[in-house]
Ligand code: BES
Ligand code: ZN
Ligand code: ZN
């Protein structure tokens with residue numbers, strides 16, 4: 001993971017050295033602290049802003065190097081549009097935009113967070129969200145880059161990491177408190193990104209399972225189920241996926257007990273296929289390398305557990321992930337094989353590349369049997385078809401419960417990790433009827449994401465509120481955004497953390 005920037009919060013005070021970042025609203029209206037700084041610099045900021053036709057538009061910026069004769073190296077003016085319209089996610093994005101204009105050379109950086117007048121004031125939460133944006137934008141997966149920094153400042157190199165940032169605002173004490181939670185979120189997202197980005201030679205099922213053990217330092221109870229135990233439990237569907245690999249399968253069960261003892265938990269389940277070759281129904285070569293990310297669902301669960309534990313969330317949550325490698329070999333499952341499952345239902349495996357649903361079938365069943373959760377959400381890079389339907393903007397959402405969907409949609413809007421509901425129904429369910437077993441693992445050419453979801457629903461008890469998020473488009477190979485420049489996005493951590501904070505914590 002990227003070396004973390006140290007972020008501190010203080011009250012507004014004059015800046016004498018390093019880089020100063022100031023905000024400007026629409027019309028290039030500098031914030032009061034920005035104006036005061038400009039005064040000390042003889043009005044150079046206003047002059048440059050005018051000359052450059054800087055208008056304070058949201059996400060625009062203006063750079064002034066070595067202003068005046070004082071000790072400042074650089075003044076960065078960042079446009080914010082209309083501060084009074086800012087949502088909490090806008091503050092996160094502001095932090096990301098600020099971070100994107102900075103590098104290690106600018107250290108130390110001081111950001112003046114203030115607005116033109118009262119409701120534009122920047123008390124606690126907002127400043128903490130700016131810090132979160134900086135953590136998210138600052139993430140880089142560069143552990144395998146060994147080349148030294150180029151002289152001309154290779155911005156891709158770890159040597160240019162920003163080390164020290166001070167965020168000045170009127171509510172520094174409140175910001176410091178709010179940052180505890182925001183930092184936990186930033187770390188959790190970056191934990192998930194690290195897992196998704198890691199190549200599969202380094203991160204197989206065992207190595208992934210071992211990494212979940214690190215959560216115990218934060219107070220999470222982590223239990224690893226090995227192949228012997230999985231066999232004993234009857235998880236034959238999950239085991240059928242891993243049986244072609246030289247690397248044994250695991251399930252990791254992570255319990256965070258921050259709520260009342262005895263209160264039923266919520267369960268979050270993730271698909272953790274550490275590499276998906278397709279098995280005997282092998283995938284074409286082009287793009288197969290992307291399948292190192294076929295554990296983005298599991299990575300999200302681990303990132304979320306990290307966040308909840310690090311911020312000591314007042315809730316009981318159990319995270320469960322199925323960790324397998326899908327390989328072709330002499331021991332691999334063949335198309336046409338019939339396998340059992342922990343639920344007792346039998347499955348005709350007609351395509352070994354439709355493996356994620358087999359893994360989830362057993363982990364979902366185990367989650368319900370063992371924990372009797374109030375609700376279950378699972379995340380999985382389940383189908384290529386969801387990319388066809390929704391692209392990379394929304395995760396597909398499938399559910400048996402309108403209230404849970406509403407909460408997820410609302411959370412998605414709040415943190416900009418959007419979901420879009422797609423239908424389930426008996427006619428779709430018919431598409432996975434099998435001639436020889438209780439069901440088959442593919443539903444034919446049409447509605448591929450829906451038939452995959454129908455398959456999962458067969459392992460959901462009628463009275464368990466459940467939602468399946470298909471994150472094949474959002475969890476990996478993500479488009480670059482203000483808050484994410486990495487291949488693995490960490491999608492889902494902020495979404496579920498928001499939902500849990502809003503609806504599950506008292
Ligand atoms: N892991 C893939 C889905 C996927 C595709 C994730 C692209 C990310 C990007 C999944 O296991 C898979 O191979 N699904 C098949 C299902 C088909 C055989 C019914 C697919 O989507 O083609
Ligand atoms: Zn597959
Ligand atoms: Zn897969």
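The values are calculated or read from the model by the stated rules, or taken from the named source; none is laboratory data. Note that the coordinates shown come from a computational prediction; the quantities given were computed from them, not determined experimentally. Glycine gets a Cβ as well: all are built from the backbone with ideal geometry, and neighbour counts include every protein chain shown.
Quick notes
- Residue match in region 34-57 (condition: surrounded by fewer than 19 Cβ atoms within 10 Å (Cβ to Cβ) and either within 35 Å of the chain's Cα centre (by Cα) or within 15 Å of residue 166 (Cβ to Cβ) (or both)): yes
- Top-ranked residue of region 467-479 - restricted to ones that are out of contact with any helix residue (DSSP H, G or I) (no Cβ under 6 Å at 6 or more places or on another chain) and surrounded by fewer than 24 Cβ atoms within 10 Å (Cβ to Cβ), ranked as nearest to residue 298 (Cα to Cα): 478
- Filtering region 278-294 to residues that are more than 27 Å from the chain's Cα centre (by Cα) and either within 11 Å of ligand 3 (Cβ to nearest atom) or crowded, with 17+ Cβ neighbours inside 10 Å (or both) leaves 279, 280, 281.
- Matching option when the condition is in contact (Cβ under 8 Å) with a residue 12 or more places away in the chain, away from ligand 2 (no atom under 16 Å from the Cβ) and buried (at least 18 other Cβ atoms within 10 Å of the Cβ), among 498, 487: 498
- Options 506, 418, 407: the member that is surrounded by fewer than 23 Cβ atoms within 10 Å (Cβ to Cβ) and within 19 Å of residue 303 (Cβ to Cβ): 418
- Wholly within region 315-370, strands (runs of 3 or more DSSP E) carrying at least 3 residues that are farther than 19 Å from residue 227 by Cβ and more than 25 Å from the chain's Cα centre (by Cα): none
- The residue of region 339-353 that is farthest from residue 323 (Cα to Cα), among those that are within 14 Å of ligand 2 (Cβ to nearest atom) and surrounded by fewer than 22 Cβ atoms within 10 Å (Cβ to Cβ), is 350.
- Segments classed as helices (runs of 4 or more DSSP H), wholly inside region 184-293, with at least 3 members that are within 15 Å of ligand 2 (Cβ to nearest atom) and touching a residue at least 24 places away in the same chain (Cβ under 8 Å): 236-242
- Any hit, region 254-263, residues being more than 22 Å from the chain's Cα centre (by Cα) and over 30 Å from residue 182 (Cβ atoms): yes
- When 322, 356, 336 are checked against the criterion of being surrounded by fewer than 20 Cβ atoms within 10 Å (Cβ to Cβ) and either at pLDDT 95 or above or more than 12 Å from ligand 1 (Cβ to nearest atom) (or both), 336 stands alone in meeting it.
- All conditions but one from (1) within 24 Å of the chain's Cα centre (by Cα); (2) free of Cβ contacts under 8 Å to residues at least 40 places away in the same chain apply to residue 463; the one that does not is (1).
- Yes/no for residue 482 being over 20 Å from residue 383 (Cα atoms) and surrounded by fewer than 17 Cβ atoms within 10 Å (Cβ to Cβ): no
- Answer residue from region 305-332, given it is touching a strand residue (DSSP E or B) at 6+ places or on another chain (Cβ under 7 Å) and within 12 Å of ligand 2 (Cβ to nearest atom) and is nearest to residue 235 (Cα to Cα) among those: 324
- Number of positions in region 330-346 that are touching a residue at least 60 places away in the same chain (Cβ under 8 Å), under 24 Å from residue 449 (Cβ atoms) and within 16 Å of ligand 3 (Cβ to nearest atom): 1
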